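Below you'll find the structure, written out as structure tokens, and then a few comments.
The values are calculated or read from the model by the stated rules, or taken from the named source; none is laboratory data. Keep in mind that what you see is a predicted model, and the values were worked out from it rather than measured. Virtual Cβ from ideal backbone geometry, glycine too; neighbours counted across all protein chains shown.
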Amino acid sequence: MTVVMVAAAAVALTFFKLSFAPSYRSTDFEVHRNWLAITWQLPISQWYTEATSQWTLDYPPFFAWFEYTLAHVAQFFDDNMLHVENLEYASENTILFQRLSVIAADVVLIIGTIITKVGRGSGGGAVDSSRATVASQLAILCSFGLLLVDHIHFQYNGFLFGILLIALAAMAQGHHVWGAVAFAALLNFKHIYVYVAPAIFVFLLRNYCFHNTLSLRSFSMWRFLQLGAVVLLVFALSFGPFVYMGQLPQVLSRLFPFKRGLCHAYWAANTWALYNALDKALLFGARKYGFVSVDEHTPAAFTGGLGALTCVCACPCLVSLFSRPTNRSRLYEAVALCGLASFLFGSRLPFLPLLLTSVYCALGVVYSFLRMYAHFLHTPAHASAKKSQ
């Protein structure tokens, strides 16, 4: 019944998404058209050096191969979109193809949603997990944020989030190694998901590498090395060709442009808005009272510390995830909280971590609310009150 409901919702949403094909599209539309052209027209050795357009390829290699795969279909719609020099090209067939590609890629999200189960693990619990599962699945599929960012603004977040759901489902069902493989693959599609990696690492360490207790004797070095080996294998498949060509530094400079500075373009609507406001106030006061004289402005290029800030912010949930008996509900909640931490301390595209966090919450918060509500209904005080009425 659950699968039927999710499938019906997915079909209805597909027709709804099609209605947005001729609607507004952001610069990300041209970004992905340019990436189609780069991966199709140029050899792999030039993918991360090509700079005809300002929208250079800055996603990990697996996503570049994803664009290359899409380009094989795009040529039948309009092969002019696959020329690097055709900047801002947007014919009707180009628009149609790119819109359809996002909708088709959402099949991965649908699959991930269907196989995701929400509820307690082996410990049981009072919540009707089937209802929690349906509520979470519909909340994910009907996410207005995904609809807005993917099918109007134009990105492929549904496809990527589907991979994350598949990874989480595998881990929650005890297939830890396959879950690690899926998550490692996800990081090589889009590295923004590195912010939830601490929760994934802690869950795998606690549930796969330790046998019941947390003593060192229960730690399995073989399982730890096994996880490390499969993750390294995935990264080797992704970055191996670029290491062979001596282009790894160039690829990493595209993926992690730290030289742009902390707040290079605008005020991110999170913690850094407070930082910028304080910085402006201090600069005004320092100039007014003659403490400093500023003739040139240089960006504060210390974005490398943002990952550490995110981990510090997420530490409480990570400690809880590691120290207490774990189940899939704790995993989902930890992923949601790590996503929120990435929103609070991210320096660019703050809407994207917030969007992802809203979808994470469909896994973690929906279940947490139902669990709390069920606990309230089963408390002795509430039960006795019902009997007295």
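For the reader, a short list of remarks on this structure follows.
- Residue within segment 286-298 that is among the polar types (S, T, N, Q), at pLDDT below 70 and in contact with a helix residue (DSSP H, G or I) (Cβ under 6 Å, 6 or more places away or on another chain) present: no
- Filtered residues of segment 62-83 (kept if without any contact (Cβ under 8 Å) to a residue 40 or more places away in the chain and under 24 Å from Lys190 (Cα atoms)): Ala64, Trp65, Glu67, Tyr68, Thr69, Leu70, Ala71, His72, Val73, Ala74
- Exactly one residue out of Leu237, Leu227 is part of a helix (DSSP H, G or I) and within 23 Å of Ser45 (Cβ to Cβ), and it is Leu237.
- Look at segment 243-256: where a residue is touching a residue at least 40 places away in the same chain (Cβ under 8 Å) and a partner is in a loop (DSSP other than H, G, I, E, B) and of a type in the set (A, V, I, L, M), sitting 6+ places away or on another chain with Cβ atoms under 7 Å, you get Arg254/Leu57.
- Tally, over segment 176-191, of residues that are surrounded by fewer than 20 Cβ atoms within 10 Å (Cβ to Cβ) and closer than 19 Å to Thr310 by Cα: 1
- Search result, residues across segment 163-179 that are of a type in the set (Gly, Ala, Ser) and within 14 Å of Val202 (Cα to Cα): Ala172, Gly179
- Every residue from segment 214-223 that is surrounded by 14 or more Cβ atoms within 10 Å (Cβ to Cβ) and farther than 11 Å from Ala180 by Cβ: Phe219
- Residue match in segment 124-142 (condition: under 25 Å from Glu67 (Cα atoms) and at pLDDT below 90): yes
- Filter result (over 30 Å from the mean Cα position of the chain (by Cα) and part of a loop (DSSP other than H, G, I, E, B)) within segment 215-224: Ser215
- Test: residue in segment 197-211 that is buried (at least 21 other Cβ atoms within 10 Å of the Cβ), under 25 Å from Pro316 (Cα atoms) and among the β-branched types (Val, Ile, Thr): yes
- Within segment 177-193, at least one residue is closer than 14 Å to Phe62 by Cα, within 17 Å of the chain's Cα centre (by Cα), not in a helix (DSSP H, G or I) and not aromatic (Phe, Trp, Tyr).
- Residue satisfying all of: in segment 53-105; β-branched (Val, Ile, Thr) and closer than 16 Å to Asn157 by Cβ; surrounded by the fewest Cβ atoms within 10 Å (Cβ to Cβ) among these: Ile103
- Some residue of segment 251-270 being at pLDDT 95 or above and loosely packed, with under 14 Cβ neighbours inside 10 Å: no
- Scanning segment 198-251 for residues that are out of contact with any helix residue (DSSP H, G or I) (no Cβ under 6 Å at 6 or more places or on another chain), under 30 Å from Ala51 (Cβ atoms) and of a type in the set (A, V, I, L, M) yields a count of 3.
- Residues of segment 22-52 satisfying the condition of being closer than 13 Å to His151 by Cα and surrounded by 17 or more Cβ atoms within 10 Å (Cβ to Cβ): Arg25, Phe29
- Counting only residues that are in a helix (DSSP H, G or I), aromatic (Phe, Trp, Tyr), under 30 Å from Leu252 (Cα atoms) and more than 22 Å from the chain's Cα centre (by Cα), segment 1-56 holds 1 of them.
- Ser238 vs. criteria in contact with a Phe, Trp or Tyr (Cβ under 8 Å, 6 or more places away or on another chain), at pLDDT 90 or above and not acidic (Asp, Glu): yes
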